[in-house]
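J.: Got a structure for you, written out below as structure tokens; questions coming shortly.
The values are calculated or read from the model by the stated rules, or taken from the named source; none is laboratory data. Quick caveat: nothing in here was measured; it's all calculated off a predicted structure. Note that we place each Cβ from the backbone using ideal geometry, even for glycine, and neighbour counts take in every protein chain shown. For the accessible areas, the whole protein counts, side chains as well, though only heavy atoms, and no ligand, DNA or RNA atoms are used. Shrake-Rupley method; radii C 1.70, N 1.55, O 1.52, S 1.80 Å.
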Amino acid sequence: MKHGAKGICVLLALLLAVGLTACGEQTENARTIAVVTDGGSLQDSSYNQAVYEGVQAWCEEAGYEVACYVPEGSDTEDLYNSMDQAYEDGVRVIVVAGSSFEQPVYEIQSAHSSLQILLLDGEPHDIDYNYETAENVHCVLFQEEQAGFLAGYAAVAEGYRRLGFVGGVQLTGVIQYLYGFLQGADQAAYELRLEEGDVTVRYTYSDTFDASENLESTCEKWYGKGVGVIFAACGDGLENVLSAAAASDKKVILSDFAQQDDQVFTAAVKQFDKAIALALDSLEKNDWEWGTAAAGQTTTVGLAEDCVGLDVTEEDWPFTGMSYDEYALLVQDIVDGYIVISDSISEVPTLRVVSASKS
């Protein structure tokens, strides 16, 4: 495959001019939506899998085809080339996710103005971080501070008093997870009438989303000094946090996606499938071009759209410190504005009870 694309989930190289081919079957005039990964596989239990499954579910429901491209590598050129390959294969709608796509989308949006792009968890910018979103691109961001708030609230309500947070690169979403986590823990401590300093949160950034022995060592030390649960927003570094938690028989709060592990307390998740469905519904209704409310615009989704939250269900309720009804009321109070969560990342939020310190 040219342009360095090493994998593609449909045989697009065999297309006829009348339409696109999905899974080897020729379909005349089919609308195919392509997912381009960040270089990782579709079974990564992370962005790539969540985005592909979200697009696949929407396509199955709406009667469209889905294709997937796995670039040779993960740098800007690799990602650009795979998107370009999709365009050359006749695809006119592409879904991508994550900060690694911000620069390649910036570059391709003007090169192929007829290509409609949905960028999740990012906004296009050049190498110097000059941001600009063309009319053929729509961006969706998530209110991570709301999901973080719920995680912090649940931890304190469940009885944890020594909490930790480890982030990877200090991107906006990572910081919002932390600041929401602090605000949620503080809200629960305030409602429980705890004293100032009764709840403490240690936090740090590893400045990478890769696994790190230093990160694991830090978590081991924290757990050894009484931290009961650590919120991990550190990409592949999660394996280090889980390993440290297993060694100490302590707990971990996941970010973005849920997964099964004995050490998991809960997960602050983003519902990529719902965000994708909202965006693609809008695109389809406007004859496969972004409408005025979406073209060149960024939409932020959260609890009001049911696109963030904790990975919990009423049928399998995991907590004893608060009931499902109490959780549902908390969510509604946030949506209705009775509880206001700051989304500012300029400074650590003001806290009434919780004591936060950077380690």
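J.: Provide the convex hull volume over Cα atoms per residue for region 295-359, in Å³. Intermediate values should be presented prior to the final figure.
T.: Values: hull volume 12.0 nm³, N = 65.
Value for region 295-359: 185 Å³ per residue.
J.: Determine, for the chain, the count of lysine pairs separated by eight or more sequence positions (or lying on different chains) whose alpha-carbon distance falls under 21 Å.
T.: Close lysine pairs found across the chain: 10.
J.: Please work out how much length the chain gains when fully extended from Asn214 to Asn286, using 0.36 nm per residue of separation minus the C-alpha to C-alpha distance, in nm with one decimal. Don't skip to the end; give the middle numbers.
T.: On the way: separation 72, 0.36 × 72 = 25.92 nm, distance 4.98 nm.
In short, 20.9 nm is gained.
J.: Okay, which of region 171-201 sit inside 17 Å, backbone N to the point 7 Å along the Cα-Cβ direction of Val340?
T.: Inside the label zone: 180, 183-184, 187.
J.: Over the Cα atoms of the chain, Rg to Rh with Kirkwood Rh, two decimal places?
T.: Values: Rg = 21.3 Å, Rh = 21.3 Å.
With Rg and the Kirkwood Rh in hand, the quotient comes to 1.00.
J.: On a 0 to 90° scale, report how tilted helix 144-157 is relative to the longest principal axis of the chain, with both axes built from alpha carbons and the result rounded to the nearest 10.
T.: Once rounded, the angle reads 30 degrees.
J.: Still on this model: What residue among Asn136, Asn214, Asn48 shows peak mean-square fluctuation when the chain is described by a Gaussian network model with Cα springs under 10 Å?
T.: Residue with maximal mean-square fluctuation among Asn136, Asn214, Asn48: Asn214.
J.: Over the chain, what is the percentage of antiparallel beta bridges among all DSSP beta bridges, to the nearest 5? Mind showing how you got there, number by number?
T.: Numbers: 12 of 56 bridges.
The antiparallel proportion sits near 20 percent.
J.: What's the angle, to the nearest 10 degrees (0 to 90), between helix 102-111's Cα axis and the longest principal axis of the chain?
T.: Result, in degrees: 20.
J.: Subtract the Cα-Cα distance of Thr320 and Glu60 from 0.36 nm times their separation in residues, and report this length gain in nm to one decimal.
T.: Numbers: separation 260, 0.36 × 260 = 93.60 nm, distance 3.83 nm.
The span from Thr320 to Glu60 would gain 89.8 nm if fully extended.
J.: When the helices in the chain are scored as -39500 (n - 2.57) per DSSP H run of 4 or longer and the sum is shared across all residues, what 222 nm value do you end up with, to the nearest 500 deg cm²/dmol?
T.: Values: 9 runs with 123 residues, N = 359.
The helix contribution divided over the chain gives -11000 deg cm²/dmol.
J.: For Val36, enumerate residues with amide H under 5 Å from its amide H, sequence gap 5+ or separate chain, H modeled in the peptide plane.
T.: Amide H neighbours of Val36, under 5 Å, 5+ apart: Tyr69, Val95.
J.: In whole angstrom, how far apart do the alpha carbon centroids of region 271-345 and region 67-140 sit?
T.: Cα centres, region 271-345 to region 67-140: 24 Å.
J.: Just the number please: accessible area per residue for region 213-304, 1.4 Å probe, all protein chains included, in Å². All intermediate terms of the calculation are to be shown ahead of the outcome.
T.: Working: 4070 Å² over 92 residues.
Accessible area per residue, region 213-304: 44 Å².
J.: By how many degrees, 0 to 90 and rounded to 10, does the Cα axis of helix 76-88 deviate from the longest principal axis of the chain?
T.: Taking Cα atoms only, the helix is inclined about 40 degrees.
J.: Given H placed on each backbone N at 1.01 Å, which residues far from Ser206 in sequence or on other chains put an amide H within less than 5 Å of it?
T.: The list, which skips near neighbours in sequence, is Gly167, Gly168.
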